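Take a look at the structure set out below.
The values are calculated or read from the model by the stated rules, or taken from the named source; none is laboratory data. It should be emphasised that the depicted structure is a prediction, and the values quoted were computed from it without experimental measurement. All Cβ positions, glycine included, derive from the backbone under ideal geometry; neighbour counts span all protein chains shown. Surface areas here come from the heavy atoms of the whole protein model, side chains and all, with no ligands, DNA or RNA. Shrake-Rupley method; radii C 1.70, N 1.55, O 1.52, S 1.80 Å.
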Amino acid sequence: MALALGTPATVAHAESQESAGTQTPAPACLTYSPGWRYTFVSNDCSTAHRVKVLYGDGMDVPCQEVAPRNWFTFPGYGTEGNTIEGIVLCDHADGA
């Protein structure tokens, strides 16, 4: 039974990592601070960037534009064992 419960999380984590490999990594001037309730993404770049947070369970959140010298709040990792895998840039074809 434990193996059956562990398998979907492992698959979701693998899918999350695969999709991260096809997306543009965020520059070093974009940072994130994960928490159980919120994940804050800060932009210390000189230009705005559209970003999204990657979650270990594959949860998909919309891309958001973060203005220079500003921050945006994304959902946190929650209390169910999810993880924050990182942040990636979104192109304009990605969802709003």
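Side notes on the structure shown:
- If you go through the range 35-53 and keep only what is open to solvent by 20 Å² or more (accessible area, probe 1.4 Å) and either closer than 14 Å to residue 88 by Cβ or among the charged types (D, E, K, R) (or both), you end up with 37, 44, 49, 50, 52.
- Meets criteria (open to solvent by 40 Å² or more (accessible area, probe 1.4 Å), among the aromatic types (Phe, Trp, Tyr) and closer than 14 Å to residue 89 by Cβ) for residue 77: no
- Once the range 82-96 is narrowed to residues that are assigned to a loop (DSSP other than H, G, I, E, B) and of a type in the set (A, V, I, L, M, F, W, C), the residue that is surrounded by the most Cβ atoms within 10 Å (Cβ to Cβ) is 90.
Condition check ((1) touching a Lys or Arg at 6+ places or on another chain (Cβ under 6 Å); (2) in a strand (DSSP E or B)) across all residues:
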{"position": "39", "(1), (2)": "no, yes"}
{"position": "42", "(1), (2)": "no, yes"}
{"position": "52", "(1), (2)": "no, yes"}
{"position": "65", "(1), (2)": "yes, yes"}
{"position": "68", "(1), (2)": "no, no"}
{"position": "71", "(1), (2)": "no, yes"}
{"position": "74", "(1), (2)": "no, yes"}
{"position": "80", "(1), (2)": "no, no"}
